[in-house]
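Everything below concerns the one structure shown next.
The values are calculated or read from the model by the stated rules, or taken from the named source; none is laboratory data. What you see is a predicted model, and the numbers here were worked out from it, not measured in a lab. For the accessible areas, the whole protein counts, side chains as well, though only heavy atoms, and no ligand, DNA or RNA atoms are used. Shrake-Rupley method; radii C 1.70, N 1.55, O 1.52, S 1.80 Å.
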Amino acid sequence: MSTLGGMWRRLWRGIKPASEWEDPAAEGLWPRAILRLSILFAVLFAGVFFAFWWAGSAVRFSAARAADRVVPTWNISGVVLDATTHQPIPWARVEDDPAGQPPFFGTDADVRGIFSLATLAESHRVRCSAPGYTPRLLAIGRAWFLWLPRGAEYLKIDLTPLPS
């Protein structure tokens with residue numbers, strides 16, 4: 001018996017080689033084998049479909065990035081707080097780090113320090129600043145091997161007041 005044959009036998013316990021079948025219909029092996037192979041086929045089909053979808057999304061994102069036509073698909077939401085008083089900082093600016101790779105996206109927090117920024121899914125940094133506070137850089141996004149075309153994350157950003 002070949003190694004591949006032994007693997008299939010271990011994988012599909014209860015299925016005998018054709019040479020050992022006396023009456024397959026009587027033993028009820030055919031319905032079980034068909035069900036198991038159908039499930040295996042469905043799982044493999046879903047896995048291949050997911051791999052093609054993920055690869056296509058990555059290629060579309062890369063092509064759009066190269067052509068400067070990217071659409072922000074990563075949503076960062078959160079709150080900007082004073083590091084000493086833990087009070088919200090109104091109208092704080094949250095934006096992609098200007099030292100990074102364009103395009104840059106940005107937003108302002110509201111009167112309660114709450115913000116929502118749509119940006120790119122790739123790993124990069126955002127800069128949070130407000131008058132009277134030391135700006136802060138934060139890493140966001142995902143590494144390429146964990147990358148999916150859409151996503152979200154929540155940040156609680158503490159800004160340190162400038163010394164008076």
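Stretched out straight at 0.36 nm per residue, the stretch from Leu40 to Leu155 would grow longer than its current Cα-Cα span by 37.3 nm. In the context of the full set of protein chains, the stretch 40-164 has a per residue accessible area of 61 Å² (1.4 Å probe). When a 1.4 Å probe is rolled over the protein heavy atoms, the share of accessible surface on the stretch 61-164 that falls to carbon and sulfur comes to 59 percent.
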